[in-house]
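First comes the structure, then the notes that go with it.
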Amino acid sequence: QVQVVESGGGLVQPGGSLRLSCRASGSIFNIDGMGWYRQVPGKQRDLVATITRAGTTNYADSVKGRFTISKDIANTMWYLQMNSLKPEDTAVYYCHARQWEVDYWGQGTQVTVSS
């Protein structure tokens, strides 16, 4: 079992920046995929960014060039640096880990972009 916990959400003005962090604990060996997803009320949870153990990244088109996903070498911490934030980035952001084809989710952290 893997537990993942997010931190770093909050309120930011349009054009501002936030950095989200995710910490994995428990049976953390062989986590082979890490990422961030987001969800607004009444809509499905959407991919924001993912990173593999090898460091290969993938981004939603809506965040390319503004968000950067990174991780530590032990694959126990990963981050989402969000720059040039827009009101449409407002959502609950969820940390995600995948291990042996099993998905693990954090409880989510609210990001609100508003003036």
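The values are calculated or read from the model by the stated rules, or taken from the named source; none is laboratory data. Remember, predicted model here, so these are calculated numbers, not experimental data. Using ideal geometry, Cβ is built from the backbone for each residue, glycine included, and neighbour counts are taken over all protein chains shown. When the accessible area is computed, the model is the full protein with side chains, heavy atoms only, and any ligands, DNA or RNA have been set aside. Shrake-Rupley method; radii C 1.70, N 1.55, O 1.52, S 1.80 Å.
Table for the structure above
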quantity	calculated
Whole-Hz ³J(HN,Hα) from phi, Karplus 6.51 cos²θ - 1.76 cosθ + 1.60, for region 108-114, glycine and proline x	x, 9, 7, 10, 10, 10, 7
Over the chain, relative contact order from alpha-carbon pairs under 8 Å, at least 6 apart, %	37 percent
In Hz, Karplus ³J(HN,Hα) per residue of region 49-62 (6.51, -1.76, 1.60; θ = phi - 60°; x = Gly, Pro)	7, 9, 8, 8, 4, 7, x, 6, 10, 9, 10, 5, 4, 5
Surface per residue (accessible, 1.4 Å probe) for region 12-115, Å²	52 Å²
Accessible carbon and sulfur surface of the chain relative to its total accessible area, %, 1.4 Å	48 percent
Anchor LYS43: lysines whose Cα lies under 24 Å away (excluding residues fewer than 8 positions away in-chain)	LYS64, LYS86
For the chain, alpha-carbon Rg relative to the globular expectation (2.2 N^0.38 Å, N residues)	1.00
Per-residue HN-Hα couplings for region 32-39 [Karplus 6.51, -1.76, 1.60; θ = phi - 60°; Hz; x = Gly/Pro]	10, x, 9, x, 10, 10, 9, 8
Residue (of MET77, ASN58, PRO87) at the positive-pole extreme of the chain, dipole from beta-carbon charges	PRO87
